[in-house]
Amino acid sequence: MLKPQIKYPYYEAVGDEELVLQCAYRNCLPLMLKGPTGCGKSRFVEAMAARLGRPLISVACNEDTSATDLLGRYLIQGGDTVWQDGPVTRALREGAILYLDEISEAREDVIVVLHPLTDHRRTITLDKRNEEIKASPEFMLIVSFNPGYQKGLKELKPSTRQRFVAIHFDYPKAELETEIVSKEAQCSLEIAKKLVKFGHKIRNLKELGLTETASTRLLVDAGKLMRDGLEARLACDVAIIQPLTDDGDVMIALRDVAAMIF
């Protein structure tokens, strides 16, 4: 009887990131992914967790994310007080891949809690339960952040950064990004090539002062809309231009660029 084939999340390597993650995993080292929004960091983690055969627990960190949110808390259920593990605690107990996206957005007490997880101890302490939990060998901590976002306000401290093996991500080269957009959006290579050209032009328009630039994810979204029949310029407008800016002059400039390509 043939075994069913395992279908892994689609991911195209852009460098040595797969080799580095596998080596870090075997040596129980935490990993930090640096790079702009929408360049494939989260998809990379999904794909590698599947290949390693480990469950993936992801947390999108924000300015309200606290240590209690990650470790767990006591809840009242039916008149009883019960303990509920947070995602970090569950990941340690299950030997999961724990992915903390945009870690620099979290509150400072989160960083303090994570420190013992990033060295030889690989433990957390639940003060409310007077319990120390040691990570299983299969556990791995991966964090990500965007060094260019809100620069100067949400930077990781050097003392925290040096606790991680780090990989820098950037947008793929045009040929590979075209292939990714085509496969992810299930659109033609011709459409994908034009979308990538549009994306690269936006990324080079530094004078527009965009906080974020055209990510691969936005190009994929536009490709999906175009595959489904939406007119090309309208798809670019709603999937790429409007998510990037509310400035009327900038929108007009980007629409002019789109009109030159589509």
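In the range 8-46, which residues are under 14 Å from GLU177 (Cα atoms) and surrounded by fewer than 15 Cβ atoms within 10 Å (Cβ to Cβ)? Across the range 8-46, the qualifying residues are TYR10, ALA13, GLY15. Sort out which residues of the range 239-262 are of a type in the set (S, T, N, Q) and open to solvent by 50 Å² or more (accessible area, probe 1.4 Å), and write them in order of number. Scanning the range 239-262 gives a single hit, GLN242. Candidates in the range 47-68 are the residues that are free of Cβ contacts under 8 Å to residues at least 40 places away in the same chain and either more than 25 Å from GLU105 (Cα to Cα) or of a type outside the set (A, V, I, L, M, F, W, C) (or both); of these, the one that is surrounded by the most Cβ atoms within 10 Å (Cβ to Cβ) is THR68. Looking at the structure I just gave you, is GLU212 touching a residue at least 60 places away in the same chain (Cβ under 8 Å) and acidic (Asp, Glu)? In short, yes.
The values are calculated or read from the model by the stated rules, or taken from the named source; none is laboratory data. No experiment lies behind these values; they were computed from the predicted model shown. Note that each Cβ is placed from the backbone with ideal geometry, even for glycine, and that neighbours are counted across all protein chains shown. Surface areas here come from the heavy atoms of the whole protein model, side chains and all, with no ligands, DNA or RNA. Shrake-Rupley method; radii C 1.70, N 1.55, O 1.52, S 1.80 Å.
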